[in-house]
Amino acid sequence: MIAASFRAHVRLVPLLLSVLFLAGCIPDGISFLTPAGPVADAQKEHLISITVISLIVVLPVLIGTPLIILRYRRKGGARYRPDWAYSGPLEALMWGVPVLIVGVLGWQLAKATYELDPTAVIAGDPPLEVQVVGLNWKWLFIYPEQGVAALNAMPMPEGRPVSLHLTSDTVMQSFMIGALGSQIYTMPGMETQLNLRADQVGQYRGVNTQFSGAGFDQQSFVAQVMTPEDFDDWVAAARSSGTALDAAAYTQLGQSSTPAEAAAMFAGTGAPAGSVWFSEVETGLFGSIIGKYMSAEGVADSDQTGSPSYQPVQSEGDVE
Amino acid sequence: MNLLGRMGWGDVVFEPALANPDSSDLIAAGAGGVVVLGAIVALYCLFHYRLWGVFWRGWLTSLDHKRIGIMYIAFAMIMLVRGVLEGVVMRAQQADGLDGGFLTSHHYGELFSTHGTIMIFFMAMPFLTGLINIIVPLQVGARDVSFPLLNALSLAFTAAGGALIMVSLVVGEFSTGGWTGYPPFTGVAFQPGVGPDYWIWSVALAGIGTTLSGINFVTTILKERAPGMTFARLPLFTWTAFTTSVLMVFALPPLTVATSLLALDRMAGFHFFTNDLGGNMMNFANLFWLFGHPEVYILILPAFGVFSEVFATFSGKKLYGYTSLVIATVVIAVLSFTVWVHHFFTMGQSANLNAIFGIATMTIGVPTGVKIYDWMATMYRGRVRMSVPMIYSVGFIMLFVIGGLTGIILANPTVDYQVHNTLFLVAHFHNMLIPGLLFGMLAGYTFWFPKVFGFQLDAFWGRIAAWGWIVGYSLTFFPLYAVGLMGMTRRTASYTIEAFQPWMLVSGLGALVVLGALVALGLQLWVSIRYRKALTVEGGDPWDGRTLEWSLPAPVPEWNFAHIPMVTARDDFWEKKRTATVDATPATYTDIALPRNSMLGPLFAVAATALGFGLIWYIWWMAALAAAVMPLAIIVRSFRTDIHRVIPADEVAAYDLAFRETRAALVPVGRDGEETVANRGRANREAFE
Ligand code: HEM
Ligand SMILES: [Cu+2]
């Protein structure tokens, strides 16, 4: 269709964009401008095609306005028609062209929205399940099938779809790995979903995009995309050298802390500096994090992770 | 009971700065100091120069819509200064923010929250409310708004909200929840202090003021039009004022509900938006944006109205596509209620919902685009004069379409999944708010200033300011598109990615240019006041105007129209100039009744501030007293019957005849001398030759 005929022109635009971004000034792995998976890739394409199509209505203004001002400047001597205020054909053009453009864009919009629906599982191998918990100010990743977990790092195999189930155990946050795909809110007591796939081994930056207090700007993590074999090795390594993610450990994670501070609390898990590996995860942890907010008693401020009043009753006598 | 509620010495901003300061504390204390000092200097001047009486009788208690409008705009400009300064401080922080900077994340959080709240509720809203207040009655041929006292109360509520935000600089702290105030982050579990309460009550009070203004303007435009001023002849600015006012009436209630429920959560242990016990923050997001999206059209439509007047006037030509422009305005207003979900495409709802709201959002691009083309067509075949309001307007067209383009981009859920909550979004909405709203307000300010005060604003400094805004805006905000696409999140004080830094430096430089533009605006005002004698336009028509207000003396007398005009055409004044019927003197004059001054306005301003302050600090006696005073004052006032003051016909006649004589004696000036001292407010008839 019309959209297809744009494809050809669309190819020129990355060139233009790269000039715009001073060719190569965009570091790899931080955004969808250097995509590493099908979702981010499609989002970039979509961005470019919207921009190009919209220019049809924008360029006439950018070019026409200076020309009109020049030609009809007061001393320019061009024809002056102070009572000219209507033209049928011009009206039709003014309304018609934008309607057509919005029609085309709207059609594309709907198509892309369904195709890139974050809840839709991505085709390919059966997806890897990962449960994500947003805390103040770090991200916890639980691998229920493997029984391991990681803090500040999300190891994942290359080429295999990943199905994320996300929640927050503090205020609302928003989870995003720009180079791989969409962002989605994480909210306490609720579960949202996100599906991604990484097609290139590498390190990709993940962030929380929703302001959540003092440590917000440090709340990033690394999505570590590795070969499937390396991923299996990682699972084995986490099992053998990690520490257990039990109630006590989770209570510690609940304290508001930056990723670095949290990692320091669990030093020596075999994980590279700045992240933590957990060898075993209390079963049903993810469900209980969500379920906590459903209870009829409510959650006291002293039990609310992320609250300045958080003062959990410490278990197993490790009172400081 | 503690007489001061939960307030203590430690809450005063100077305390941490004295105790154990870091750079954030010092900046906070400095800002608090400026507020205190400003208040002292203002009071000193009032008493020292014995201005108090004039200020009280002529301004604070006045019910004249023009004076109320001027007070709104003066208030807006003070807030603009604070807002821009905060913006510049934030830009400086980010320019310096690679691995650090001079502000803590918490302080940065307070800054973007006050900046956003101030710019929207206490700069933009008062500015446009002030313009509407001054201009609409003049454009429709009325002597005042329908409810002059209500008008003063609207101002009082708005001022009270603004006062609370100023006080928060000195006592206590402000929310870090942004201008949107999303719970649970603003809930009591996460921010137990007074910060979010300052946000809630300042916004709630401003919201009440705005709702009342909306009711007042809708009624005025429906009921106070002069004979012959049909809806098909309404000037475009009045049309946009009308739609904006309708939006105010319908869009503000969801905000009032959202903030009230949040207040109940915080103060009374309710669970509307808490994490537990059935609370759900998604309801807040919906309520807030059910207000928030129409709000952005409340902000932009009056600016569109100003641009429509400016393009027609300075092209010496009829507005192209009047009907299209009116239809587009109304369509935008209606559609603005159908798109709020685009503010949270990423909340996890179904693709169906996102697709529908995405398409609805794009649809608004059509009427908006039509408007832009209509303005271009207005200049087409005209005689375009690049006066100061025109520089703003052309700058607006060129920059605004770029914001429109990025708006279309953001309307796509798939792309929004990437750029939501990044600086791309910040760039987009500043792209709409600065070239759109702010340029519109500044164009309107320059355009109508001579009408209101009787002398023009200095064009030299005006040009510098206008270009400063255009260049400064572009430098500050275009880089943000780039870093936003690269994934730099909004509300970020510091960052670790080096690639962001060059863009942040350019942006910081731009902020300095903006600051320069602001200074130029100040100088323009100062120079103009200084040389006001030379800049006088006593003929009242400096721009060869088209609509009714230009037929009046400048400054406009308090009764506006000595005679309620009989309107016979769209651009009535222009047509009358063409047929030379302007100079016809009315046969008779009648007595004119005007509303007497009322001290209810200042009383409400004080009471509403006290109410808010009491609720914020849990000073219950103060809140209760303030809440009781307001209805009581209304009841007492309702027993008064002598609420009008009569201006005798003789006085009106003398004034009007003198004005007509003066105008007739002026040397008509050509459009070349428009922005010079030669312009005394009477236009020659070159357009008709
Ligand atoms: C004049 C120069 C201005 C500068 C330098 C400026 C700068 C900024 C900065 C640095 C931010 C914070 C960005 C972030 O890190 O998230 C911001 C946010 C914001 N600005 Fe401005 N701004 C300006 C004018 C305006 C105007 C005129 C308006 C509205 C009429 C406005 C409305 C807002 C709003 C609503 C926010 C969002 C606050 C939030 O995150 O909740 N700004 N601005
Ligand atoms: Cu919106």
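Among the residues of segment B:459-492 satisfying the criterion of being assigned to a loop (DSSP other than H, G, I, E, B) and open to solvent by less than 10 Å² (accessible area, probe 1.4 Å), which is farthest from the other protein chains (Cβ to nearest Cβ)? Show your work before the answer.
So in segment B:459-492, the residues assigned to a loop (DSSP other than H, G, I, E, B) come out as B:486-488, B:490-492.
Then keep just the ones that are open to solvent by less than 10 Å² (accessible area, probe 1.4 Å); that gives B:486-488, B:492.
On the way: B:M486: 5, B:G487: 4, B:M488: 9, B:T492: 5 Å.
Among them, the one singled out is B:M488.
So which of B:V370, B:V394, B:V401 ends up being within 21 Å of A:L55 (Cβ to Cβ), open to solvent by less than 10 Å² (accessible area, probe 1.4 Å) and part of a helix (DSSP H, G or I)? Outline the logic, then answer.
Working: B:V394 fails: open to solvent by less than 10 Å² (accessible area, probe 1.4 Å); B:V401 fails: open to solvent by less than 10 Å² (accessible area, probe 1.4 Å).
Of the residues listed, the single one that is within 21 Å of A:L55 (Cβ to Cβ), open to solvent by less than 10 Å² (accessible area, probe 1.4 Å) and part of a helix (DSSP H, G or I) is B:V370.
From the list B:G365, B:G316, B:G358, pick out the single residue that is away from ligand 2 (no atom under 14 Å from the Cβ) and either touching a helix residue (DSSP H, G or I) at 6+ places or on another chain (Cβ under 7 Å) or in a helix (DSSP H, G or I) (or both). Even if it seems obvious, please write down each step before you answer.
Numbers: B:G365 fails: away from ligand 2 (no atom under 14 Å from the Cβ); B:G358 fails: away from ligand 2 (no atom under 14 Å from the Cβ).
Being away from ligand 2 (no atom under 14 Å from the Cβ) and either touching a helix residue (DSSP H, G or I) at 6+ places or on another chain (Cβ under 7 Å) or in a helix (DSSP H, G or I) (or both) holds for just one of B:G365, B:G316, B:G358, which is B:G316.
Quick one: B:Q501 ticks every box in (1) within 14 Å of another protein chain (Cβ to nearest Cβ); (2) near ligand 1 (Cβ under 10 Å from one of its atoms); (3) surrounded by fewer than 24 Cβ atoms within 10 Å (Cβ to Cβ) except a single one, so which number is it?
The number of the failed condition is (2).
So is B:F291 open to solvent by less than 10 Å² (accessible area, probe 1.4 Å), within 20 Å of the chain's Cα centre (by Cα) and more than 30 Å from B:G545 (Cα to Cα) or not?
Numbers: open to solvent by less than 10 Å² (accessible area, probe 1.4 Å): yes; within 20 Å of the chain's Cα centre (by Cα): yes; more than 30 Å from B:G545 (Cα to Cα): yes.
When the stated conditions are applied, B:F291 passes them.
Just one of the numbered conditions (1) more than 24 Å from A:Q43 (Cβ to Cβ); (2) part of a loop (DSSP other than H, G, I, E, B) is not true of B:V506; which one?
Single failed check for B:V506: (2).
Considering only residues that are over 18 Å from B:G32 (Cα atoms) and within 14 Å of chain A (Cβ to nearest Cβ), look in segment B:103-142 and name the one that is farthest from ligand 2 (Cβ to nearest atom).
Out of the qualifying residues, it is B:S105.
Restricted to segment B:20-51, and to residues that are part of a helix (DSSP H, G or I) and among the hydroxyl-bearing types (S, T, Y), which residue is farthest from B:S105 (Cα to Cα)? Can you show your working first?
Here is the first cut: in segment B:20-51, the ones part of a helix (DSSP H, G or I) are B:23-48.
The next check asks that each one be among the hydroxyl-bearing types (S, T, Y); those that pass are B:23-24, B:44.
Numbers: B:S23: 12, B:S24: 10, B:Y44: 37 Å.
Checking each candidate, the answer is B:Y44.
Any residue at all in segment B:83-91 that's within 14 Å of chain A (Cβ to nearest Cβ) and within 14 Å of ligand 1 (Cβ to nearest atom)? Can you show your working first?
Taking segment B:83-91 first, the residues within 14 Å of chain A (Cβ to nearest Cβ) are B:90.
Then drop every residue that is not within 14 Å of ligand 1 (Cβ to nearest atom), which leaves B:90.
Yes, the conditions are met somewhere in segment B:83-91.
Can you find a residue in segment B:119-128 that is more than 30 Å from B:A493 (Cα to Cα), touching a residue at least 40 places away in the same chain (Cβ under 8 Å), assigned to a helix (DSSP H, G or I) and open to solvent by 10 Å² or more (accessible area, probe 1.4 Å)? Give the derivation first.
Within segment B:119-128, the first condition is being more than 30 Å from B:A493 (Cα to Cα), and the residues that meet it are B:128.
From what's left, touching a residue at least 40 places away in the same chain (Cβ under 8 Å): B:128.
Keeping just the survivors that are assigned to a helix (DSSP H, G or I) gives B:128.
Adding the requirement that they be open to solvent by 10 Å² or more (accessible area, probe 1.4 Å) leaves none.
No, segment B:119-128 contains no residue that is more than 30 Å from B:A493 (Cα to Cα), touching a residue at least 40 places away in the same chain (Cβ under 8 Å), assigned to a helix (DSSP H, G or I) and open to solvent by 10 Å² or more (accessible area, probe 1.4 Å).
All but one of (1) among the aliphatic types (A, V, I, L, M); (2) surrounded by 18 or more Cβ atoms within 10 Å (Cβ to Cβ); (3) on the phi > 0 side of the Ramachandran plot hold for B:V537, so report the exception by its number.
Against the list (1) among the aliphatic types (A, V, I, L, M); (2) surrounded by 18 or more Cβ atoms within 10 Å (Cβ to Cβ); (3) on the phi > 0 side of the Ramachandran plot, B:V537 comes up short only on (3).
Residues that are of a type outside the set (A, V, I, L, M) and in contact with a Lys or Arg (Cβ under 9 Å, 6 or more places away or on another chain): find the helices (runs of 4 or more DSSP H) completely inside segment B:565-647 holding 1 or more of those. Walk me through how you get there before you give the answer.
Working: elements: B:572-578, B:600-617, B:620-638.
Of the helices (runs of 4 or more DSSP H) lying wholly inside segment B:565-647, those with at least 1 residues that are of a type outside the set (A, V, I, L, M) and in contact with a Lys or Arg (Cβ under 9 Å, 6 or more places away or on another chain) span B:572-578, B:600-617.
Any residue at all in segment B:332-348 that is more than 16 Å from ligand 2 (Cβ to nearest atom) and either among the small types (G, A, S) or out of contact with any Pro (no Cβ under 7 Å at 6 or more places or on another chain) (or both)? Before you say what the answer is, go through the steps one by one.
Step one: of segment B:332-348, the residues more than 16 Å from ligand 2 (Cβ to nearest atom) are B:348.
With either among the small types (G, A, S) or out of contact with any Pro (no Cβ under 7 Å at 6 or more places or on another chain) (or both) added as a condition, the list becomes B:348.
Yes, segment B:332-348 has at least one match.
Checking the conditions here, which among B:R490, B:R463 is within 30 Å of A:A110 (Cα to Cα) and in contact (Cβ under 8 Å) with a residue 60 or more places away in the chain?
Details: B:R463 fails: within 30 Å of A:A110 (Cα to Cα).
Every option except B:R490 fails the conditions.
Quick check on this structure: which one of B:L319, B:L287 is more than 16 Å from ligand 1 (Cβ to nearest atom) and within 12 Å of another protein chain (Cβ to nearest Cβ)?
B:L319
Working carefully through the options B:F439, B:F429, find the one that is within 11 Å of ligand 1 (Cβ to nearest atom) and in contact with a Leu (Cβ under 9 Å, 6 or more places away or on another chain).
Values: B:F429 fails: in contact with a Leu (Cβ under 9 Å, 6 or more places away or on another chain).
Residue meeting the stated conditions: B:F439.
Matching residues to (1) free of Cβ contacts under 8 Å to residues at least 40 places away in the same chain; (2) assigned to a helix (DSSP H, G or I); (3) farther than 24 Å from B:I78 by Cα; (4) in contact with a Ser or Thr (Cβ under 7 Å, 6 or more places away or on another chain):
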position: B:A156; (1), (2), (3), (4): no, yes, no, no
position: B:G161; (1), (2), (3), (4): no, yes, no, yes
position: B:L164; (1), (2), (3), (4): no, yes, no, yes
position: B:E173; (1), (2), (3), (4): no, no, no, no
position: B:Y182; (1), (2), (3), (4): no, no, yes, no
position: B:Y198; (1), (2), (3), (4): no, yes, no, yes
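Quick one: would you say B:P631 is open to solvent by 50 Å² or more (accessible area, probe 1.4 Å) and under 30 Å from B:W550 (Cβ atoms)? Explain how you work it out, then say what you get.
Numbers: open to solvent by 50 Å² or more (accessible area, probe 1.4 Å): yes; under 30 Å from B:W550 (Cβ atoms): no.
So B:P631 fails the test.
So is B:L433 assigned to a helix (DSSP H, G or I) and under 22 Å from A:L109 (Cα atoms) or not? I'd like the intermediate steps shown before the answer.
Values: assigned to a helix (DSSP H, G or I): yes; under 22 Å from A:L109 (Cα atoms): no.
In short, no.
State which residue is most open to solvent (accessible area, probe 1.4 Å) when the search covers only segment A:269-301 and only residues that are more than 14 Å from every other protein chain (Cβ to nearest Cβ) and among the β-branched types (V, I, T).
A:T283
The values are calculated or read from the model by the stated rules, or taken from the named source; none is laboratory data. All values derive from a computational prediction rather than experimental measurement. All Cβ positions, even for glycine, are placed from backbone atoms using ideal geometry, and neighbour counts span all protein chains on display. When the accessible area is computed, the model is the full protein with side chains, heavy atoms only, and any ligands, DNA or RNA have been set aside. Shrake-Rupley method; radii C 1.70, N 1.55, O 1.52, S 1.80 Å.
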